[in-house]
Structures are given as C-alpha cells and as structure tokens.
Ligand SMILES: [Fe+2]
C-alpha cells in the first residue's frame, strides 16, 4: 500500500484528473526505483567483467548504463511535472525495484551477459507495461515517455543478447 507521502500531490493547474495523476505517480515511482537499480547493476557488470572479451564488454555495459542513466531524470521529472513527489534515493530504489539483486560475484563472461540480459528484458517488459497502463489512464504524454524509453531499452537488450545468440 502506498504511504501518505507516496500519494501526496501538490495543487496544480495541469489538466490531468487527480485520480489519474495519483495512479501515474505510483507507476512512475516504481519505474524510478527500478531504473536506478538497473543503472547500478549495469555498472556492477561494467566494473567486474573479466575474460577474453573484457574491453568490449566493459565498454558495452557502460554504454547501456549511460543510456539508462538518462531515464532516471526523465521519469523523476515527469512525476514532479504532474505534481507528485519523486522517491529517488538509493534506499527507495532498493525497496521499490522490481529487479532481483545482481548475482554474487565472481561471474564468468557468459554469466554476466545472462544476468544483464535477464535484467534488461525484465525492465523492457516493465516499460512496455507502462505504455499500456498510461494508455489505459488516457494519458498520452506519459505513454510517450515510456515509448521513448522502450525503444532505447529494446535496442540495448539486442546489443547484449546478441552475444548469447549463436
Ligand atoms: Fe567506468
């Protein structure tokens, strides 16, 4: 159940009904927590990768982390734009993320690729569900934000997963 703070909305002149904004803020805070978590897990892979393809994968994981980093601000500021409160601390992320913790280290190259693929795929699914939920709430601007993220995440998933497809 969301706490009082999570449900708090500031007065606003924006023409989106309050009940819609409440549901969007809850959804977007779940995405914010998950995006922060995914970013830190991609950095975990970037820092700890070892093996014959070290340099290529080290750069690839960082490239994905940088792309995900951009979404943190996008999502948090959509929350505050619609007069909600963005819950974006590391502790909020740890308690609100839909992702499992990154597997225990050390891991092989293949295990890192599998872990990153699974997390990007779970995030891509969450984001695609966000498009549908925002559509159902008749809020095309938030649906568009999720669509923008979805297109980029699907591409990142392809770049990582291609290493496992042979
Ligand atoms: Fe780095």
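What to note about this one:
- Ordering of 125-135, 24-34, 47-57 by burial proxy (mean other Cβ atoms within 10 Å per residue, highest first): 24-34, 125-135, 47-57
- Residue exposure proxy: 46, 8, ordered by other Cβ atoms within 10 angstrom of their Cβ from fewest to most, comes out as 8, 46.
- Once the Cα atoms are used to define both axes, helix 54-81 deviates from the longest principal axis of the chain by about 0 degrees.
- Cα gyration tensor category, rounded, prolate or oblate, for segment 17-164 with a/c compared to 1.5: prolate
- A full extension of the chain between residue 80 and residue 47 corresponds to an added length of 8.6 nm, given 0.36 nm per residue minus the alpha carbon distance.
- Using alpha-carbon coordinates, inclination of helix 18-48 to the longest axis of the chain, degrees: 20 degrees
- Projected onto their three principal axes, the Cα atoms of segment 64-103 cover extents of 37, 23, 14 Å, largest first.
- Contour minus Cα-Cα distance for residue 122 and residue 10 (0.36 nm per residue): 37.1 nm
- Cα-based helix-to-principal-axis angle, 109-136 vs the chain, degrees rounded to 10: 20 degrees
- Gain in span if fully extended, residue 129 to residue 148, counting 0.36 nm per residue against the direct Cα distance: 5.5 nm
- Computed [θ] at 222 nm, helices only, for the chain once each DSSP H run of length n ≥ 4 contributes -39500 (n - 2.57): -25000 deg cm²/dmol
- Taking only Cα atoms of segment 42-82, radius of gyration then Dmax in Å: 14.0, 48
- Spatially, segment 4-55 and segment 109-165 are offset by 13 Å when compared through their Cα centroids.
- Selected from 102, 146, 123 as most flexible by GNM, with the chain as the system and alpha-carbon contacts under 10 Å: 102
- Computed over segment 45-115, the Cα gyration tensor eigenvalues convert (square root of 5λ each) into semi-axes of 30, 15, 8 Å, ordered from largest to smallest.
Throughout, read-outs are computed from the coordinates displayed, never taken from laboratory work. Computed from a predicted structure; not experimentally measured. We place every Cβ from the backbone using ideal geometry, glycine too, and count neighbours over all the protein chains shown.
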